[in-house]
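**Student:** The structure under discussion is supplied below as structure tokens; questions concerning it will follow.
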Amino acid sequence: EAGVTQFPSHSVIEKGQTVTLRCDPISGHDNLYWYRRVMGKEIKFLLHFVKESKQDESGMPNNRFLAERTGGTYSTLKVQPAELEDSGVYFCASSQDLGDAYNEQFFGPGTRLTVL
Amino acid sequence: SQQGEEDPQALSIQEGENATMNCSYKTSINNLQWYRQNSGRGLVHLILIRSNEREKHSGRLRVTLDTSKKSSSLLITASRAADTASYFCALTDSWGKLQFGAGTQVVVTP
């Protein structure tokens, strides 16, 4: 069974440009999470989807970030316009909905975003 | 906020030695999890320990939890070069959202 996949693995863009990151969760996982790790800092939660609905987007830094999960399958995270401080590694994770919030989250390999 | 803080920030050991890292937190918890990240790869779940558990084992990994001290430790026994990675503790909220510490960078040299 395929794990969580993310695309692209690396992205280098200039300040002011737009970048869209994609996450394909494990098939059948209703929960999808986005996290990011900015250089040298801790991994921080961005948002959580349950199927196609945003359950919690309290970690989204500002309105330059837009996440979608149309149809409840894959998700995209768009940064527009990108700023220097957006550089970091963006992780996606998914988990089953078994009625227990403490289900194991399976992480993708991450997308390394560099904004110049 | 529910966030763990790891200690030490970095650890360098030789193959065969044990590695111990600690995680402290400030709020009450339902469970605490440990993750590993190898360079260039995603996070891998290692162990989940619940608040009513004191110790848990998985292969060469041993996790302890002391809720009175609000701390947890991860012990890797007989370390291998492949154990070189960043290790994170994470707390979970009621919706499964993970709150990570800054991590401990472990380097195991042959």
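Each reported figure results from applying straightforward, stated rules to the coordinates on display, with no laboratory input. All values reported here derive from a predicted model rather than from experimental measurement. Don't worry about glycine lacking a Cβ; one is built from the backbone with ideal geometry, like all the others, and counts go over all protein chains shown.
**Student:** Using the Cβ atoms and a cut-off under 12 Å, what net charge is assigned to the surroundings of A:K44, where Lys and Arg are +1 and Asp and Glu are -1? Display every interim value, and only then the final one.
**Tutor:** Numbers: positive: A:R36, A:R37, A:K41, B:K97; negative: A:E42.
Local charge sum for A:K44: +3.
**Student:** Relative contact order for chain B using alpha-carbon pairs under 8 Å, separation at least 6, rounded to a whole percent?
**Tutor:** Details: 278 pairs, mean separation 42.1, N = 110.
Once normalised by length, the contact order is 38 percent.
**Student:** What's the local net charge at A:C92, with K and R +1, D and E -1, over the other residues with C-beta under 11 Å away?
**Tutor:** Values: positive: A:R22, A:R36, A:R69; negative: A:D24.
Result for the local shell: +2.
**Student:** Between A:L46 and residues 5 or more places away or on another chain, which pairs have amide H atoms under 5 Å apart, with H built 1.01 Å from N, and which residues are they?
**Tutor:** So A:L46 has HN proximity to A:W34, A:Y35, A:R36.
**Student:** Within the stretch A:64-89, which residues have the backbone N less than 11 Å from the label spot 7 Å out from A:D97 along Cα→beta-carbon, could you tell me?
**Tutor:** A:72
**Student:** Per residue, what volume in Å³ does the Cα convex hull of chain A take up? Could you put the intermediate results ahead of the total?
**Tutor:** Values: hull volume 11.2 nm³, N = 116.
So the per-residue Cα hull volume is 96 Å³.
**Student:** Under a plain spin-label model, where a point goes 7 Å from the Cα along Cα-to-Cβ, how far apart in nm are A:L66 and B:T27?
**Tutor:** A separation of 3.1 nm, rounded to one decimal place.
**Student:** Okay, moving on. Taking K and R as +1 and D and E as -1, what net charge do the other residues with C-beta under 9 Å from the C-beta of B:A78 add up to? Each step should come with its number before you reach the end.
**Tutor:** Values: positive: B:R60, B:R80; negative: B:E15, B:E17.
Taking every Cβ under 9 Å from that of B:A78, the sum is 0.
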